Amino acid sequence: KQWENYFPIQNLTHYGESMGIITAIIGFHLAPLALNQCNFPDTIKQKALNYLFESALETGYGEALDISTTWQTLDEKKQSSKLIHQYKTVNYSAVSPLLFGATLADCHDDNFINNLTLYGQFLGKIFQIQDDILGIFGNPAKTGKSNESDIKEGRWTILIELLNKNCSQSDRKILLDILGKTKRTKLDINIVKKLMAKYAILEKTQAKALAYLYKGIEMIPNITDNKDYQDTLKNLLEFMIKREK
């Protein structure tokens, strides 16, 4: 607001976007700076930094794919969705932070790393599923984002995937025709949501998340036998599936 007296609105928007990008760049570089100032041995810090930057590259690739889906064909959307989940959400939200911690702990136990990775994948998949659910069925007042944008942008989410698999041939044609459009209207969004209600897609999606929750819980004893740590890992899985924003 304080800048509105100095800049026309178009320049004000550019200023805000530029400051957002600059802030993100500064924030990203604070992480390696903080790590470099920690008292870990130099060899461990180097390994951790390498892992951090490799993860950042994968996340950037996933994010680039994600923002490109709006202009992709349906076949391209389907192919991109799995890569986006792999490179962006699952790794960034769960696997990478866990393995980064294991790297700092100088862990060389391959069995532990494999179990931790599997747990992280289940955790990340739950996060992605819940994110997709909130993107269509979430309360904007709680999430802070629209519950229409995923459909409006034609994103191939897990809910769209399940709807495509479970609906009739005639309804599938309606769905694919809508997603194949260059732009989707309010009416299109409502039609897709009604189809989801018709085929109980929300319930099917929640069941998929629950399946990953149980698989994640099964992995916990393979990671640690400490009861407090086990409770923490279990609570983290449950938090991901219950979050409302």
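The values are calculated or read from the model by the stated rules, or taken from the named source; none is laboratory data. This structure is a prediction, so every number in the text was calculated from the model and none was measured. All Cβ positions, even for glycine, are placed from backbone atoms using ideal geometry, and neighbour counts span all protein chains on display.
Note on region 1-95: enclosed helices (runs of 4 or more DSSP H) holding 1 or more residues that are over 26 Å from the mean Cα position of the chain (by Cα) and modelled with pLDDT of 85 or more are 9-36, 42-68.
Picking from GLN230, GLN128, which residue would you name as being within 19 Å of GLN86 (Cα to Cα), of a type outside the set (Ser, Thr, Tyr) and assigned by TED's automatic domain parsing to the domain that holds GLN72? GLN128 is the lone residue from the list that is within 19 Å of GLN86 (Cα to Cα), of a type outside the set (Ser, Thr, Tyr) and assigned by TED's automatic domain parsing to the domain that holds GLN72. All told, ILE136 meets the bar of being assigned to a helix (DSSP H, G or I) and within 16 Å of the chain's Cα centre (by Cα).
Of everything in region 74-101 that is buried (at least 21 other Cβ atoms within 10 Å of the Cβ) and among the charged types (D, E, K, R), the residue that is farthest from LEU123 (Cα to Cα) is LYS77. Scan region 189-213 and report the pairs whose first residue is assigned by TED's automatic domain parsing to the domain that holds GLU148 and whose second residue is aromatic (Phe, Trp, Tyr) and in a helix (DSSP H, G or I), with Cβ atoms within less than 6 Å and a gap of 6+ or a chain change. Note: pairs meeting the criteria are LEU202/PHE137; TYR212/PHE122. The set of residues in region 139-165 that are assigned to a loop (DSSP other than H, G, I, E, B), within 29 Å of LEU98 (Cβ to Cβ) and without any contact (Cβ under 8 Å) to a residue 24 or more places away in the chain contains only LYS145. A residue that is in a helix (DSSP H, G or I), touching a Leu at 6+ places or on another chain (Cβ under 9 Å) and either at pLDDT below 95 or within 18 Å of MET240 (Cβ to Cβ) (or both) can be found somewhere in region 105-117. Of all the residues in region 185-201, those that are over 14 Å from CYS167 (Cβ atoms), of a type outside the set (Lys, Arg) and outside any loop (DSSP other than H, G, I, E, B) number 4. Residues of region 32-72 that are small (Gly, Ala, Ser) and surrounded by 15 or more Cβ atoms within 10 Å (Cβ to Cβ): ALA48, SER55, ALA56, GLY62.
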